[in-house]
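Report on the structure given below.
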Amino acid sequence: MNQPIDLAHLPLRVEAGLPLRVSPMQAGQTLAQHLPALQQLVHERLEVEGGMLFSGFAGIDVAAFQGFAGAFGHPLLSYEFGSTPRSKVGAGGVYTSTEFPAHRAIPLHNEQAYTTEWPMRIWFYCAQAAEQGGETPIADSREVYRRIDPAIRQRFADQQLLYVRNYGNGLDLPWQQVFNTDERQAVERYCRDKGIQFEWLDGDELRTRQRCQGVAQHPRTGDWVWFNQAHLFHLSALDAETQEILIDSVGLEGLPRNVYYGDGTPIEASLLDEVRGVLDECAIRFPWHSGDILMLDNMLTAHARAPFKGPRKVVVAMAEGRTAEGRR
Ligand SMILES: [Fe+2]
């Protein structure tokens, strides 16, 4: 058992809050130099605060980031069954955070909460902060859960969610990219293994359906968290014009992505607007500085991306895969 950490005597500057901010006392110091203290700090505080921002450390590059993220007892994960385009960045387990267009915001979400297997931990390294915007806003998923109307919470807990995705019609990522293979059999194996229903359609199109949690309980802290991506997958996430064009061209069934209650009944757009309102109220924004690393407990803390201008490079790493309890 580790001795409780004495923050006053730590050779680091630590400011409580979300994110907990950690920086060196003197310029020029590296993460590697402070690794044992940082590991202990993470051990004691990550699951209390939900996220930590390491700022002002010297000598960070993608390789140092990879080494740091891998220093907390779990190998880095590969990005499977993704929902946005990403590329590998040099070192194993490090990816571009997303290649989603710069002018668009990505709403708050917990990574891979749209499936039944997700990383417990996620790190972001800002190699180059954008000139304008490009923040990674975060939110306390325990607080989101508390603020959501209890009747909605109950409904999401009882009924769960059914995510439906269509690949290969040119409107979203091709299945080859999402499943990282050109072989249909490999896709089928993956889906059977993960409890995802699949259906091959004409023209090399694939449709998947997966029943997933709406809320979840953190395995170590016992906290209940709002844990789904209904507000991102639902048709109402798109503007009215795009909704109309999509429905005209592929129909409701063929939408690149959509989500229903677990039994297949539609989710009310107004209910998701309420959820989006709570997420907005809970958003915490802070600027990136090149060289910063943000480490989040992916169940306790959601993340987003603000629109930006000019070049921006934020890469991501994930670790400690967890499977939903009672996955069917
Ligand atoms: Fe994300």
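Observations on the model:
- Of residues in segment 86-123 being away from the ligand (no atom under 12 Å from the Cβ) and at positive phi, the one modelled with the highest pLDDT: 93
- Single unsatisfied condition, residue 328 versus (1) at pLDDT 95 or above; (2) of a type outside the set (Gly, Ala, Ser); (3) touching a Lys or Arg at 6+ places or on another chain (Cβ under 8 Å): (1)
- Qualifying residue in segment 134-146 (condition: outside any helix (DSSP H, G or I), at negative phi and either more than 15 Å from the ligand (Cβ to nearest atom) or among the small types (Gly, Ala, Ser) (or both)): yes
- When segment 152-176 is filtered for residues that are touching a residue at least 24 places away in the same chain (Cβ under 8 Å) and part of a helix (DSSP H, G or I), the ones remaining, listed by number, are 152, 153, 155, 156, 157, 159, 175.
- Residue within segment 177-184 that is buried (at least 17 other Cβ atoms within 10 Å of the Cβ), without any contact (Cβ under 8 Å) to a residue 24 or more places away in the chain and not assigned by TED's automatic domain parsing to the domain that holds residue 51 present: no
- Search result, residues across segment 24-43 that are buried (at least 17 other Cβ atoms within 10 Å of the Cβ) and touching a residue at least 24 places away in the same chain (Cβ under 8 Å): 24, 29, 31, 38, 41, 42
- Count - residues of segment 290-309 that are basic (Lys, Arg) and within 15 Å of the ligand (Cβ to nearest atom): 1
- In segment 124-133, the residue that is farthest from the ligand (Cβ to nearest atom) out of those that are under 18 Å from residue 284 (Cβ atoms) and assigned to a strand (DSSP E or B) is 133.
The values are calculated or read from the model by the stated rules, or taken from the named source; none is laboratory data. Because the structure is a prediction, the values reported are computed rather than measured. Cβ coordinates were reconstructed from backbone atoms using ideal geometry, including for glycine residues, and neighbour counts include every protein chain displayed.
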